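Undergrad: Have a look at this one before I ask anything.
The values are calculated or read from the model by the stated rules, or taken from the named source; none is laboratory data. This structure is a prediction, so every number in the text was calculated from the model and none was measured. With ligands, DNA and RNA removed, areas are computed over all heavy atoms of the protein, side chains included. Shrake-Rupley method; radii C 1.70, N 1.55, O 1.52, S 1.80 Å.
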Amino acid sequence: MSFFTALTGLKGAQTDISTTSNNIANVGSTGFKKSRAEFGDIFSTTPLQTNVVGSGAGTKSITQQFSQGNIVQSTNTLDMAISGQGFFALKPSLTSAQTVYTRNGSLNVNNDRYVVDSAGQYLLVYPVNEDGS
């Protein structure tokens, strides 16, 4: 039993280091949001159906943290940032029914004059009125 408890601790430590490593590797990615590993106790039962506390730890979830990051000025006039909560809505293709969301505001105009992100996904916007407003 104590060997199992120790192994759950090692597995939890490995998960935490892996999550931290992912955060460090992506710290320079535009719109990246860090993750956090969350852990919980493992309870076991005895043949008499009594709960035994301290049987180890398990990873409950790895959650993304949507706190506000730094807003950095750029020279691209189409680059945008979101202050506070929210996402940019994009479509993978013009005919796609799927909508994807991102906080990455690095945008450009493609050859067909659509505003797209670095992966070529189309930014969803309101159309321009006849008078240009």
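Undergrad: GNM, the chain, Cα, under 10 Å: largest mean-square fluctuation among Thr15, Thr102, Thr77?
TA: With Cα springs under 10 Å in the chain, the top fluctuation among Thr15, Thr102, Thr77 is at Thr77.
Undergrad: Further, regarding this structure: Would you mind calculating the relative contact order of the chain from Cα pairs under 8 angstrom and at least 6 residues apart, reporting the percent as a whole number?
TA: In percent, rounded to a whole number, it is 18.
Undergrad: Can you tell me the accessible area per residue over the chain, all protein chains present, probe 1.4 angstrom, in square angstrom?
TA: 75
Undergrad: From the helices alone, meaning DSSP H stretches of at least four residues, give me the mean residue ellipticity at 222 nm for the chain, per-run term -39500 (n - 2.57), in deg cm²/dmol to the nearest 500.
TA: After summing the helix terms and dividing by the residues of the chain, the value is -6500 deg cm²/dmol.
Undergrad: Could you pull the Rg and Dmax for the chain, using just the Cα atoms, both in Å?
TA: Spelled out, the Cα radius of gyration and Dmax of the chain are 22.7, 78 Å.
Undergrad: Pairs Lys11/Lys33; Lys60/Lys91; Lys11/Lys60: which are spaced more than 21 Å apart, C-alpha to C-alpha?
TA: Lys11/Lys33; Lys60/Lys91
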